[in-house]
Structures are given as structure tokens and as C-alpha cells.
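Participant: Structure below; questions to follow.
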Amino acid sequence: MRTLIVALSKSLSLISQMGGSIGAALIVVTAVIITVNCVARYVYNRPMMFVDEYSCYMLVALVYCGLGATLRAGKHVYVDMFVGKLPARVQRAMSAATLVLGVVPVSIMCWYSWKTFWSNYTGKIVSLTPLQTPLWLPYLTVAIGLTIFLFDIIAIAGQRLASVPHGQDRVALGRG
Amino acid sequence: MAELSLTWSILIIIVAILTLLASGMLIALAMALIGIVLILISGGSLASLGALGILQYNVVGDNFGLVSMPLFIFMGYLVLEVGLAERIYDGSIGIVGFIPGGLLHANILSCAIFAAMCGSSVATAAALGAIAIPLEINRHNYPVRPVLGSVAAGGTLGILIPPSVTFIAYGVFVGESIGQLFAAGIVPGIILSCIFMLYIFIAAVIDPSTAGPRLSFSIKKALSGLATMWSALLLIGLIIASIYLGFATPTEAAGVGCVIAAAIGFCYRRLTFKAVREAAMASLYTTSFMVLLIVTAQIVSLGLSNLEIPQRITAAIVEAGINKAVLFSLIVLMYLILGCFLEPGSMLFLTLPIVYPLMTGLGFSSVWLGVIMVILVELANITPPVGFNLFVIQGISEGRPMIDVVVGVIPYFFCMLLMITLLYVWPELATWLPTYLFGRG
């Protein structure tokens, strides 16, 4: 059981890291295409129509795909003033319990993100711009990102509950 | 809950939030949980949660201004990685090092200049602190507390002087123009920097032992100081000019700023793949955690407005005839207390769903409120026990105790309260520039 949890956790960690790397790359890409667009507009008087719209889609993707990596890097915040004074074992139990509780809202957010993706996909809804981008694409990134985030929360909660040694996840879960 | 009295509704919500926070739950998850429960209570069925799917996309995807957040953060980290902070600090010494208070003025000036390229208070404090603290304490024998205090407080200018991540987050949350908010932060940012420097000057004149030796003045040194930081000034000038001369939106200025920062790093031979990667990853972490807070705060806001709680609070306050100044003071006091316990961004988004409709409902300007909120967030960064700037400065202070940072920062705490008072008495300090540039404050 413990081996299975560790294996699953490692796979999830890899997926989160990939999400993080994609998100980081998207930041660089966004900076570059926005700059190129400015040059194209002012120097060649030929603005690129897709830049504003696609920058927003890339933001959606980088934010949601980065949630899991941010969680694993311990960059989400929590208040540790009270919990930090408890014995280590109780802290671990509290951490697991609050993560399990956190699964509830994230599951609901996740469910509705897939639902919205599906309604956009089946309804063939497109953006109200000349590009008419199928909106299921950006909605899909929300759904995938929240799903990774949800599984990361479950995995870390599981690790805490089972007291499994877990490499880099041993660092504090967030910034207190 | 609709039948509950307003007092009971608020009490239940506050107790629920405090319990979840005290249990150590991630703040964003706690806010999402509270928001979902509020929506369920107001709608009475699961169907009322249907708006979540659209909301969590629209908050992020329908806002081109929000794209500037990761870009400005990325630019700040790039500037840090390519070593512009050292140049700014060296240049500032030549410009203000001769004033009584000496290098402490350089701390404030360099933080203010660095703030104009970096939207983060903690990053500003960390960047300048790492350079200034060892130099001033070890080489120039400056007293420890004033040095630590000035850098911790100077760092807070990072979010008041644009570009500012907090202004972007506030603007996105309340639907205010980010360009106007940036403009609104400029004058208060300059005034607050001057207040800090005025305090250092007065303290050094009254008691020279609060500072170290001042440097001699020469035009050559001052010009050489400016020359040292030409690249930083060029970057700042391009960002500000492009936004306010109408050439670019804040988002475009951020994108171009990133590329210019990278180009400067390339010229100085400091730009490496590793530096870009680390800057991008750090930007991703900050953006993801901040945007998740904004999204979950919008969920709370939706739940609260469905229950008409902000409207009912505003109506109750108007009915009770509470003086605006008293109410404002109470709100400031509330933020000072919350700032002791909460991470500043979380504090902002936990309270905005109530405070924003309340204050704007009472006639306060949304842009002005943004500036006040940013200063309150700054204060939260320097109030113990959870003041991020305090931790950062203590971490780079070569083992000095936290009490040294806390005591050092106390005078600046009061300087910021003075700034809030000035802004309350003369709101034009914040609203004049946006009104002048955009026709509305």
C-alpha cells in the first residue's frame, strides 16, 4: 500500500512539475509575443490580432497548470501561528485533515470546470472575436489544472496520513 | 441564513473563517470552502453553484490587465537576477549619501527606484537588503537597528510605486483600471519615500548615533551615481512613459519591460538560461497563488452579495449615522490587527468582498481606496509576528535577532500611518494624477 502511494505520488509530482514548467515557459512566451506585437504595431503598422486574446488564454493555462507545482513548492499560504505551536505529530494530522477538507471545495470547482468545458465543447461555442477560437480549449486548461491540483492535494494528504517519507514534499506545505 | 439577523450572519462567517485559518488550512482553500457554502445557502440548491465554472475562468481569462501580473513579477525577478539592484544601490550612495543619515537614505532611494521595476515588496527588501546590510553594518559600522529597519520599510515601497502586483490584483478584483491605480500610487509613493528620508534626516540631526558617517558631496559623485544606474533609469522611464504617453497598456509595458530587462542582462553578461528559468518559475509560483486567492475571493464575494450582506452592512452603518472618519479609523485598525496574523495578500482578499462595497457605498473613491489598501498591505508586511519583510531582512542580517528588525522598523510604521492620515485628509494626493492623466480619479 505504502509503495503504491509513493509511486502514485511520484507520478503526480512529475505531472505537477511538468505543469509548472509549461506555465513558466508560457510566461516567457507571453512576454515575447507581446513585445513582438508592440514592435509590429509601431514599426511596421501591422498589429497581430491574436496577441491580446491568446495572452489571456495563456494566462489561464499558466495559472491553473501551475497550481499543483505551486502547492508542491510550498508557495500557497496558510496561518501557522497556532498550528506551529503543536507537537509535530499533531501538526501532521492537522495538515492532513485540513487538506482533506480542502478536497471538498476543489472537487466542486473541478467538477464545474469540466462541466463548463463540456458545455462549450458540445455547444461548439467560440470566442466573440475575429479569430473565433473554440472556447473549450481554454476551459480545458482550467479543468486539467484544477484536476492536477486536486490530485496533488489528495496525494499530499495521503502522504501525511500514512506518514510516508516523501522527498521534497517534506518541506512545509505553504508559507505560514 | 437569509432569515438570520445581520449580526448573527456576520458573526457566523467570521467564526467560520477564523476557525479554518487557525486550523492551518491553506487560505485559498478556506476561502473557496466558505464561498461555496455561502452560495449554497443563498441559492438553496446545488444548481446555484453552476456559476462557478464560468466565474473561475472569467476572473482570469476575461482580463487582459491581469496578464501584466506574471510579466511584471517576471521582470522584477529578471532585474534581480541580472544584478541591477547593485547598480541602483551604488548609484543612490553617490546621490544621497552626503545627507545626514548617510547610507540609510541610499537604502530608501534605492528601494524606491528598484520598486519602479519590481512589483513586490518582499523582493525589493530582499534585493536591496542583501547588498546594503553587510556593507553598512560591517564595513561602515552603522548601527544595526536603523539599517535593518530602513531596508525592511524601504522594501514596502515595492508595492506602492508602480508597477505593483497588489495594485494589479486589487484592480482585477474590483474592476478598476490598472493604469489609473498605477498613476494613483506614484505621488503617495514619492511622498512616503520623502517622509522616510525626512525621518532619517531628523533622527540623524538630533542623535547622530542613529546613523553612520555621511559621505562628502560632489557633483561628480552624484553624476557618476546617475550614470551607474542608467540602465535601471532607462527601463523605468520606458515603462512609465509608454503607459502614460499612451503608447502601451500596462500589460504591453510589462511584456516589453521583460525583454528590455533580459537585454540589459545580456549586455552585462549576467543573463543565463538558469537565471531566466528561475525567474520564470518564481513568477509562476507567485502568480498562481495570487490568482487562486483572487478567484476564491470572487467566490466569497458572489456568496456574500447573493445574501446581500455588504449592502445590509452599508445600510446599517448609514442608518446608525456612524461618522466616516470613525469608520475609516476602525477599518484601518482592523487591518493593522489582521496584518499581524495574516499574509498580506490573503488579508486583502479575505476582507475586500465586505470592505470594498462598504467604502465605495459610503462615497470613497475606488482608486483612492486602492492606494489605502496597498499601504495597509505594506504595513502588514512589517508588523510582527507575520511580517514577510521582517523575516526576509532577518534572514539576510547575518544572525541578528528579530527584535532588531522589529525595533528598527517601528518609526517607519508611524510614517506609514502618517501617510494614511495625509491621504484621508487630502485624497487628491492619490486621485490628482489619475484624474490629470485619465480624466477620472
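Participant: Could you work out, residue by residue across B:243-255, how many beta carbons of other chains sit within 10 Å of that residue's beta carbon, and then give the average as an integer?
Facilitator: Per residue, the average neighbour count from other chains is 3.
Participant: Only counting other Cβ atoms within 10 Å, I'd like B:Ser216, B:Ser366 sorted with the fewest neighbours first.
Facilitator: Ascending Cβ contact count within 10 Å gives the list B:Ser216, B:Ser366.
Participant: Mind running the shape call on segment A:69-138? Use the C-alpha gyration tensor, a ≥ b ≥ c as the square roots of the eigenvalues: rounded below 1.5 for a/c, prolate if a/b tops b/c, oblate otherwise.
Facilitator: prolate
Participant: Are there DSSP H segments in chain B that both extend 27 Å or more along their axis (alpha-carbon positions) and score a mean Kyte-Doolittle hydropathy of at least 0.5? List them, or say none.
Facilitator: B:178-206, B:273-306, B:402-425
Participant: For segment B:8-136, just say rounded, prolate or oblate: build the C-alpha gyration tensor, square-root its eigenvalues into a ≥ b ≥ c, call rounded for a/c under 1.5, and beyond that prolate if a/b exceeds b/c, oblate if not.
Facilitator: Cα axes put segment B:8-136 in the prolate bin.
Participant: Once the Cβ-Cβ distance between B:Ser224 and A:Tyr44 is put in as r, and R0 is 51 Å, what FRET efficiency do you end up with, to the nearest 0.05?
Facilitator: Once rounded, the FRET efficiency stands at 0.80.
Participant: Right, something else. Compute the normalised compactness of segment A:1-138: alpha-carbon radius of gyration over 2.2 N^0.38 Å, N being the residue count.
Facilitator: Compared with the compact-globule rule of thumb, segment A:1-138 sits at 1.43.
Participant: Please rank B:Thr19, B:Thr360, A:Thr35, fewest neighbouring Cβ atoms within 10 Å first, as an exposure proxy.
Facilitator: So the residues, fewest neighbours to most, are B:Thr19, B:Thr360, A:Thr35.
Participant: Please report, in cubic angstrom per residue, the volume enclosed by the convex hull of the alpha-carbon atoms of segment B:44-438.
Facilitator: Convex hull volume per residue, Cα atoms: 145 Å³.
Participant: Can you tell me which lysines have their Cα less than 18 Å from the Cα of B:Lys221? Leave out same-chain residues fewer than eight positions away.
Facilitator: Excluding near neighbours in sequence, the set is empty.
Participant: Let me make sure I get this right: for the protein assembly as shown, a, b and c are the square roots of the gyration tensor eigenvalues over alpha carbons, sorted descending. Under 1.5 in a/c it's rounded, otherwise prolate if a/b > b/c, else oblate. Which is it?
Facilitator: rounded
Participant: Taking amide H atoms as placed 1.01 Å from N in the peptide plane, list the residues 5 or more away in sequence, or in a different chain, whose amide H sits under 5 Å from that of A:Val77.
Facilitator: A:Arg175, B:Ile27, B:Ala28
Participant: Among the aspartates and glutamates, select those whose C-alpha is under 20 Å from the C-alpha of A:Lys115, and discard any that sit fewer than 8 residues away in the same chain.
Facilitator: Cross-link targets: B:Asp62.
Participant: Right, something else. To the nearest 20 Debye, how big is the dipole of the protein assembly as shown about its Cα centre, given +1 on the beta carbon of each Lys and Arg and -1 on that of each Asp and Glu?
Facilitator: It works out to roughly 1120 debye.
Participant: Now, a different point. B:Gly387: net charge of surrounding residues, Cβ under 11 Å, Lys/Arg +1, Asp/Glu -1, itself excluded?
Facilitator: Around B:Gly387, the surrounding residues sum to -2.
Participant: Just going by the charge dipole of chain A, with Lys and Arg at +1 and Asp and Glu at -1 on Cβ, which of A:Ile148, A:Met58, A:Val126 is farthest out on the positive end?
Facilitator: A:Ile148
Participant: Might you report the magnitude of the Cβ-based charge dipole of segment B:311-409 about its Cα centre, with Lys and Arg at +1 and Asp and Glu at -1, to the nearest 20 debye?
Facilitator: 260
Participant: Toward the positive end of the charge dipole of chain B, about the Cα centre and with charges on Cβ (Lys, Arg +1; Asp, Glu -1), which of B:Gly101, B:Leu46, B:Ile375 goes farthest?
Facilitator: Ranked along the dipole, the leading option is B:Gly101.
Participant: Another one. Scanning chain B for trypsin sites (Lys or Arg not before Pro) in DSSP loops with at most 16 other Cβ atoms within 10 Å, what's the longest stretch left with none?
Facilitator: The segment B:1-268 is the longest one with no such site.
Participant: Please give me, ordered by residue number, the chymotrypsin sites (Phe, Trp or Tyr not before Pro) of segment A:1-56 that lie in loop per DSSP and have at most 10 other Cβ atoms within 10 Å.
Facilitator: Counting only loop positions with at most 10 other Cβ atoms within 10 Å, the chymotrypsin sites (Phe, Trp or Tyr not before Pro) in segment A:1-56 are A:Tyr44.
Participant: Right, here's the next one. Would you work out the relative contact order for chain B, in percent, from Cα pairs under 8 angstrom that are 6 or more residues apart?
Facilitator: With pairs under 8 Å counted, the relative contact order is 25 percent.
Participant: Still on this structure: Please compute, for the alpha-carbon atoms of segment B:231-337, the extent along each of the three principal axes and give them in descending order in Å.
Facilitator: 63, 29, 29
Participant: Identify all aspartates and glutamates with a Cα-Cα distance to B:Lys274 below 17 Å; exclude those on the same chain that are fewer than 8 residues away in sequence.
Facilitator: Output for B:Lys274: B:Glu81.
Participant: Suppose every K and R has +1 on its Cβ and every D and E has -1 on its Cβ; what is the size of the dipole of segment B:44-438 about the Cα centre, in Debye to the nearest 20?
Facilitator: Computed about the Cα centre, the dipole is about 740 debye.
Quick note: the coordinates plus some simple rules give every number you see, no bench work behind them. Just so it is clear, the model here is predicted, and its values are computed rather than measured. In this analysis, Cβ positions are derived from the backbone assuming ideal geometry, glycine residues included, and neighbour counts consider all displayed protein chains.
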